[in-house]
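**Student:** Here you go, one structure.
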Amino acid sequence: SSLRKVARHAQLERIVMELGRAAIATNQSVSMSTFNLYLASLSDQALSIHNRNKNHNKKHQNRPGQQPPQSTITSSTTNKTIPMLLEEMYTWVTHPTQTQETLGVDVIPDAVSYATVLNVAAKTGNRTLSDQLWQFLSTQESNPTTTKSRLKNINAYNARLWALVFTTASSSSTSSSKEGGWTLNHVTQAEDDYAALELWQELVQLSDRNNNNTSSSSSSRDNVPVMDRYTIDVLLLPWERSLSTFVPRNQEGHSTPTNAWETIHTVLNHFCDQNSETIVSQAFESFLLRLCQGGATSLARTLFQTYIQPCFNSTTTSSSNSTAPNTLHANPQCRVKPTTEHFNILLGGYRKMLRESISNYQDNSYPSVSPGLQPPESVNELRSINVTGQVEQVNLRKEGWQLFALMRHSHSIQPDAVTITTMMGLCRTSAEVCQLLALAQSISDDEKSSEETTSLLRSNAIQRAALSRFGELGDVSSAFWMFFQYGGTKQYRQVRLWNVLLGAIQKSCEGRNYNVHNVVDIANAPVALVLDKRTSADTNGTVAEDGSADSMKSHVLYHMVDGRSHPKAAEKILAFMNQGAPLFLDNDHDARSKNPRNVAPRPDSQSYCLVASALQRLDLDSGRVIQMFQKAQSQQIPADGRFINALIRCFGENIDTAVSSWKNDIRPACVAFENRQRGNPLPSNRPTGKNLLAAYNGLMYCCGRALRPDLAVRLVYAMRKEGLEPSEVSLHSYNSGKRERPEDPPRGFLQRGGLSKPETQRSFRLPKPSWTLVKPYESVLYVECTKYDQNDKRRSSEKRVRIIV
């Protein structure tokens, strides 16, 4: 056991094999605990490899197909791959004769052995191994001459359910594929859900048969698997998706239709009755989290209203939430002890659904410019889609705020930092964020003693979230006010807080948030009118003795950014950080100005990337762009793809200047960074040229801004000469630049001599050029950047002839 804890798997294997040889020589056997420990060691190795590969996939999630297959990654101790480990475990438990010849005649795999193998098969996503082993166990249990004990315990059932519910199904049209020596079968989600519900029905029948059979011994009755919190946790999503169409069968095999939600209600009631208050409360945290992560927030809210919300009401009332599907019957008793985590999980589910809704309907706000994709048929259809999205988003925000109001009105549950940051995602306006911050200011931190209380507003997480949210809502003045008012001297010396502020400015310059007339006005920021400015100083000196506007003016940066536009403010911040200047004005009454450590931190690659993204709104001349690039090089900032992509986009419509600067100045630095010497050798399957590809995508954006698809096609050919493969990302970069082109002046603009209502300068600067070859070149660009895939449904309506060599 100690060898397994320290991951000395090779030594453990060698000892087990030596024990087996010694046991065979003396007509004895290795103990079952030793055998199961050895299987657990093999399982640990497979899961370790799987987790390493999973982390690698997260880092390369934008480049699908480039990850190393699991069959090529080996264990660091035994030099075995996942297929080798799974094959070995499967052989140990399904070939008892071979096992007994190696470890002794008394070594017969038991329920723990099979559960271990089923668990590793589920966690590594090997559905075929799970199917074959489960079929083997079913065959063994159906034959009374081969076994005298039950081989499938509740852990085995839970592992099997996990494999059915959470094994990713392939979108390929083929029925199976090969991965690491195992044939992976692909089925639909509905089939998996139905199989999981049948397995659940089997557990129910076993429990009913065990309760009705009073003549059996107590030991045999104890071996019957009983559903636990993990079983319910895995079954929640199949219940939500498919229980309404599932028809269970009784012990005689007859169909017994029942109400789906009554069934869930019965199972959860039984679980609450059989377990302690603490276990039930923790289990419901897992239940709510599983449902919210799986997109079933409606069912999560229904469970909350039925089992948790009655604790806050003197008399239980039926739910008024019309969006929840088939609300369960209300329980007059408080079955689950509520916690702050219950509210935070459900609020996080609403925030997730709101983000998905905004993303989905924003995609429909612009007609598609890709020749192969069809836009909505009419403007009325597009308007109808947008109205539907707005209604959905209003309902989600309303339900989230109602839940938050319930939390605030309770005496036992109080919001914490996670609650405040989550609610910021549900705020629609800057005023709502200000009200949340005022609430956070009034809540004391319960983790501190009463003599040393502090406001939640001092939380670094809330401060960073507020800066980001103000930037998303276009209220940069409030973001600056929060930065100066609540940023501590320790945070000022760290580049992270500065990057959060730069990120807020960058977000305010995106899309509809940006207005060329908006300037930074810190003194009149909306948040300054809501929060109490007279905040006492904390032990770290985060605020001066006087929290008024005069104390904020002791910041040197305050005078540099106040009254400037958002992009100009970002540029000033970058220059201030490059200088490493003191943070505070020289003042005899302010001890912070005397500390030599209170200087601005040096910018990093993210700082330059955020500033360059914000400066795209200014259409900088080539000299300022090159000056920024040279300054970054002097600061040892790497010419990585993100920074170069944002930098090139600053050229805007000046595509000729962008290409010239790319050839003469920027490209050599990118090539040198791509070919730099690294401490560790690169894996053979690592994609090459990713930084160059990102830079070329920036040039494609400039081509779209200038409406030069001919030059974009030439860039695609240049990419191929450098060994880079253009993709849909390159096409989307061109389309993104094309969408941001200045539109035609409004009708009658020249006759009126101006606009009838205030509009931004970018919306009417230049008319679109009339060039008859734009569409043909865009068609060529579309073909060059998209690969043929017969399974891609987006191309089903495409009427093109592709010549595939």
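The values are calculated or read from the model by the stated rules, or taken from the named source; none is laboratory data. Note that the structure is a prediction, hence the values are computed from the model and not measured. Virtual Cβ from ideal backbone geometry, glycine too; neighbours counted across all protein chains shown. Accessible surface areas use protein heavy atoms only, side chains included; no ligands, DNA or RNA. Shrake-Rupley method; radii C 1.70, N 1.55, O 1.52, S 1.80 Å.
**Student:** Can you tell me how many residues in the stretch 415-440 are in contact (Cβ under 8 Å) with a residue 40 or more places away in the chain and out of contact with any helix residue (DSSP H, G or I) (no Cβ under 7 Å at 6 or more places or on another chain)?
**Tutor:** 3
**Student:** Among the residues of the stretch 226-248, is any open to solvent by 80 Å² or more (accessible area, probe 1.4 Å), modelled with pLDDT under 90 and assigned to a loop (DSSP other than H, G, I, E, B)?
**Tutor:** Yes.
**Student:** From VAL625, VAL659, VAL671, VAL716, which residue is touching a Pro at 6+ places or on another chain (Cβ under 7 Å), open to solvent by less than 60 Å² (accessible area, probe 1.4 Å), among the aliphatic types (A, V, I, L, M) and assigned to a helix (DSSP H, G or I)?
**Tutor:** Values: VAL625 fails: touching a Pro at 6+ places or on another chain (Cβ under 7 Å); VAL659 fails: touching a Pro at 6+ places or on another chain (Cβ under 7 Å); VAL671 fails: touching a Pro at 6+ places or on another chain (Cβ under 7 Å).
Going through VAL625, VAL659, VAL671, VAL716 in turn, the sole match is VAL716.
**Student:** Restricting to the stretch 573-585, give me the number of residues that are surrounded by 18 or more Cβ atoms within 10 Å (Cβ to Cβ) and in a helix (DSSP H, G or I).
**Tutor:** The number of residues fulfilling the criteria is 4.
**Student:** Within the stretch 100-109, work out how many residues are open to solvent by less than 20 Å² (accessible area, probe 1.4 Å) and either among the basic types (Lys, Arg) or part of a helix (DSSP H, G or I) (or both). Explain how you work it out, then say what you get.
**Tutor:** The first filter runs over the stretch 100-109 and keeps only residues open to solvent by less than 20 Å² (accessible area, probe 1.4 Å), leaving 103-104, 107, 109.
Still in the list and also either among the basic types (Lys, Arg) or part of a helix (DSSP H, G or I) (or both): 103.
Selection size over the stretch 100-109: 1.
**Student:** Now a separate question. Identify all residues within the stretch 161-190 that are open to solvent by less than 30 Å² (accessible area, probe 1.4 Å), at pLDDT 85 or above and either part of a loop (DSSP other than H, G, I, E, B) or not small (Gly, Ala, Ser) (or both); write none if there are none.
**Tutor:** Scanning the stretch 161-190 gives LEU161, LEU164, VAL165.
**Student:** Next question. Can you find even one residue in the stretch 502-513 that is open to solvent by 50 Å² or more (accessible area, probe 1.4 Å), at pLDDT below 90, over 13 Å from SER477 (Cα atoms) and assigned to a loop (DSSP other than H, G, I, E, B)?
**Tutor:** Yes, the stretch 502-513 has at least one match.
**Student:** What are the residues in the stretch 85-99 that are open to solvent by 10 Å² or more (accessible area, probe 1.4 Å) and touching a residue at least 60 places away in the same chain (Cβ under 8 Å), if any?
**Tutor:** GLU87
**Student:** Another question about this same structure. Is one or more of the residues making up the stretch 111-125 at pLDDT 85 or above, closer than 30 Å to THR688 by Cα and open to solvent by less than 20 Å² (accessible area, probe 1.4 Å)?
**Tutor:** Taking every residue of the stretch 111-125 in turn, at least one turns out to be at pLDDT 85 or above, closer than 30 Å to THR688 by Cα and open to solvent by less than 20 Å² (accessible area, probe 1.4 Å).
**Student:** Collect the residues in the stretch 610-639 that are farther than 22 Å from GLY580 by Cβ and β-branched (Val, Ile, Thr), keeping them in residue-number order.
**Tutor:** If we filter the stretch 610-639 for residues that are farther than 22 Å from GLY580 by Cβ, which is where we start, we get 613, 616-623, 625-626, 639.
VAL625, ILE626 - these are the residues of the stretch 610-639 that are farther than 22 Å from GLY580 by Cβ and β-branched (Val, Ile, Thr).
**Student:** Among LEU457, LEU439, which is modelled with pLDDT under 90, in a helix (DSSP H, G or I) and buried (at least 18 other Cβ atoms within 10 Å of the Cβ)?
**Tutor:** Just one listed residue meets the conditions, LEU457.
**Student:** Could you tell me which of the residues ALA612, ALA694 is open to solvent by less than 20 Å² (accessible area, probe 1.4 Å), closer than 29 Å to ARG714 by Cα and modelled with pLDDT of 90 or more?
**Tutor:** Unique residue meeting the criteria: ALA612.
**Student:** Moving on to the next point. Taking the condition of being touching a residue at least 60 places away in the same chain (Cβ under 8 Å) and either touching a Phe, Trp or Tyr at 6+ places or on another chain (Cβ under 9 Å) or part of a loop (DSSP other than H, G, I, E, B) (or both), how many residues in the stretch 110-124 meet it?
**Tutor:** Summing the residues that are touching a residue at least 60 places away in the same chain (Cβ under 8 Å) and either touching a Phe, Trp or Tyr at 6+ places or on another chain (Cβ under 9 Å) or part of a loop (DSSP other than H, G, I, E, B) (or both) in the stretch 110-124 gives 6.
**Student:** Another question, then. Taking interchain pairs and intrachain pairs at least six residues apart, which have beta carbon atoms under 6 angstrom, with the first residue in the stretch 648-672 and touching a residue at least 40 places away in the same chain (Cβ under 8 Å) and more than 14 Å from ALA718 (Cβ to Cβ) and the second aromatic (Phe, Trp, Tyr) and open to solvent by less than 70 Å² (accessible area, probe 1.4 Å)?
**Tutor:** ARG649/TYR701
**Student:** Need a quick list: helices (runs of 4 or more DSSP H) entirely within the stretch 271-373 having at least 1 residues that are modelled with pLDDT under 85 and surrounded by fewer than 17 Cβ atoms within 10 Å (Cβ to Cβ).
**Tutor:** 340-363
**Student:** Now for a separate question. Answer yes if at least one residue in the stretch 201-210 is under 23 Å from GLU141 (Cβ atoms), modelled with pLDDT of 80 or more and of a type in the set (Gly, Ala, Ser), and no otherwise.
**Tutor:** Looking through the stretch 201-210, at least one residue is under 23 Å from GLU141 (Cβ atoms), modelled with pLDDT of 80 or more and of a type in the set (Gly, Ala, Ser).
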